[in-house]
Each structure stands twice: as C-alpha cells, then as structure tokens.
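First the structure, in the form of structure tokens, and then the observations on it.
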Amino acid sequence: MNQIKFKLTPIFKMLGVTVLVAIIIIAIHIWFKSHPYKYSWILADLFHIPQFLIPFLMICYLSKGKLKEYGFNLNEESFFTHKRMAIIGVSFGILMSLRYIPQVVGHTLLDIPYPVTLANVLGNMSFQWIVVGISEETMFRGLIQTYLMKNLDGYIKIFGHDLHIGTVLGAVFWGGFHFINILIMPLRAVIFLLYLQQE
C-alpha cells in the first residue's frame, strides 16, 4: 500500500451527494407508493433522473463547463469506440434476456407485473440498456470516482493491482448506494434472503 493522503473534505462532499440522491429517490418511492401505476419502467426512470441530473450539474459546475475532464468525451475516438460500446451494450442486453429462454421453451408463464405492450417492452429495454448505464456511470464513475481521484492521493494494492484510493472509495460508495434497494424494494430483498437460506 502506497502512502495515502487522507482528506476528509472531498470524501464527505461525495458522501453528501450520495445521501442527497438517495433521499430524493426514497421520497419519489414514498410519493408513488400510494398512487396506482402500471408501467414500472416509468417509475424506474424517475428513480434514475436525480441520479443523473444532480451529478451532471455538479460536473458542469466543478469543471466550469469542461465536461471532458469528467469523462464526457464523445468527440474522441479511443480503443473502445462508441460503435464498439454500442455493440457491447446491445449484446449484453440480449444476453441478459436469455434468462427467460427456459420459461419460453418450457411453456411456463412469465411473471410480468405489467401489461406486455410494445410501449412497455420498449420502455423496459430503454431503461435497462440506456438509462441505468448513463445515470450510474455519470454519478459514480463520472462525478464521484473522478472527483476523489483528483482530490486524493495514494494507491491500495488489491489482488496484485495498484488501485487509486479514489477508485476504491468510488466502488464502496457504489456498493453502499445500492442498499437503497432494500428500502424501495423490500419484497425483493426478503425473497433474496429467503433464497439464500434455501441454498
């Protein structure tokens, strides 16, 4: 482990952003809990709007409009060109949808909590293929990890690799943030825990 210069201010700033976004998402969940809704992907999109918007506005402010400093470099060609990334994204989406093949082949009814319409199918695809990636990457890799890497020094060796402390803390923030799912999706959390006990 290299010498790490621990500055608490940058860490608390990013923790504050994470907590603010989490509170807004929980508030959206509470607001819609008592309202009937058919289209779960619309609610999922609403959850991800603050996760993109707040970090993006902070990036605009911190970079003084130079978004490239925080990873927004659409005009640059790199090893992973945008076409390649789009192909990887679509391939991954198709791969994830293969989990339904056993039910389809076995003529088992799929448990889908909303009407299977073209709008719902396209809405869910756009959410899973586009919205999740853009919002999470903007918040965690774009803002939190980049900001911490700019403001903290030092590396931690993990499995033989030197990882910047900003990367490690960004991963911790990302993992911790996803515990919000227990609050906004309690039934899934209970089912998951029961499943683990059966294994």
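No lab work stands behind these numbers, since they all come straight from the coordinates. As the structure is a computational prediction, the values presented were derived from the model and not from experiment. Here the Cβ positions follow ideal geometry from the backbone for every residue, glycine too, while neighbour counts run over all protein chains shown.
Label-to-label distance for Val172 and Leu95 is 3.0 nm, based on points extended 7 Å past Cα in the beta-carbon direction.
Summing charges over all other residues whose Cβ lies under 12 Å from the Cβ of Leu62, with Lys and Arg as +1 and Asp and Glu as -1, gives +3. For segment 163-181, backbone nitrogen atoms closer than 12 Å to the point 7 Å from Leu15 Cα along Cα-to-C-beta are found at 173.
Listing Thr146, Thr117 from fewest to most neighbouring C-beta atoms within 10 Å gives Thr117, Thr146. Exposure proxy ranking for Val17, Val105, based on other Cβ atoms within 10 angstrom of each Cβ and starting from the fewest, stands as Val105, Val17. Once fully extended, how much extra length lies between Ala119 and Trp31, figured as 0.36 nm per residue of separation less the alpha-carbon to alpha-carbon distance? Using 0.36 nm per residue and subtracting the Cα-Cα distance, I get 29.3 nm. Between Val132 and Leu43, the modelled labels are 1.7 nm apart [label points 7 Å from Cα along Cα→Cβ].
The length gained by stretching the chain between Phe179 and Met85 to full extension, at 0.36 nm per residue less their Cα-Cα distance, is 31.0 nm. Cβ-to-Cβ counts within 10 Å put Arg84, Arg141 in ascending order as Arg84, Arg141, the fewest first.
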